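The values are calculated or read from the model by the stated rules, or taken from the named source; none is laboratory data. Bear in mind that the values here come from a model prediction, so they are computed numbers and not experimental data. Cβ: placed from backbone, ideal geometry, glycine included. Neighbour counts: every protein chain shown.
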Amino acid sequence: MSIRYSQDFKDSLVKLHQEGRSLKSLAEEFSPSKDSIAIWVKQATPIMIKGQSKTFKDVKHLEKRLAILEEENEILSRIA
């Protein structure tokens with residue numbers, strides 16, 4: 001059984017990690033696995049794309065949106 005953690009909880013652990021706390025100490029104190037915390041940190045870490053700062057989560061959202069728009073465009077081009 002997996003435990004669902006709130007976004008606020010995840011964000012607070014990410015902030016603590018960015019302030020210097022180790023993944024191990026956070027996992028021991030707050031109970032999520034080191035791997036889970038590492039994923040949350042990765043998702044929150046900014047990436048520079050064409051001069052704009054985006055998070056991993058932003059990029060994934062944009063990729064999904066792009067796929068939907070490409071599919072819609074393909075359907076519309078078949079109709080025309």
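Within segment 38-75, count every residue that is at pLDDT 95 or above, surrounded by fewer than 13 Cβ atoms within 10 Å (Cβ to Cβ) and small (Gly, Ala, Ser).
Qualifying residue count for the region: 1.
Filter segment 42-75 for residues that are in a helix (DSSP H, G or I), in contact with a helix residue (DSSP H, G or I) (Cβ under 7 Å, 6 or more places away or on another chain) and of a type outside the set (Lys, Arg) and give the result. Give the derivation first.
Here is the first cut: in segment 42-75, the ones in a helix (DSSP H, G or I) are 42-44, 56-75.
Now narrow it down to the ones that are in contact with a helix residue (DSSP H, G or I) (Cβ under 7 Å, 6 or more places away or on another chain): 42-44, 56-57.
Scanning segment 42-75 gives Gln43, Ala44, Phe56.
Mind listing just one residue for me: the one in segment 1-16 that is in a loop (DSSP other than H, G, I, E, B) and exposed (fewer than 12 other Cβ atoms within 10 Å of the Cβ) and, of those, modelled with the highest pLDDT?
Residue satisfying both the conditions and the ranking: Ser6.
Taking into account only those residues within segment 18-37 that are in contact with a Leu (Cβ under 6 Å, 6 or more places away or on another chain) and within 24 Å of Lys60 (Cα to Cα), which is surrounded by the fewest Cβ atoms within 10 Å (Cβ to Cβ)?
That would be Lys34.
Go through Arg78, Arg21 for me and flag whichever is of a type in the set (Lys, Arg) and modelled with pLDDT under 95.
Arg78
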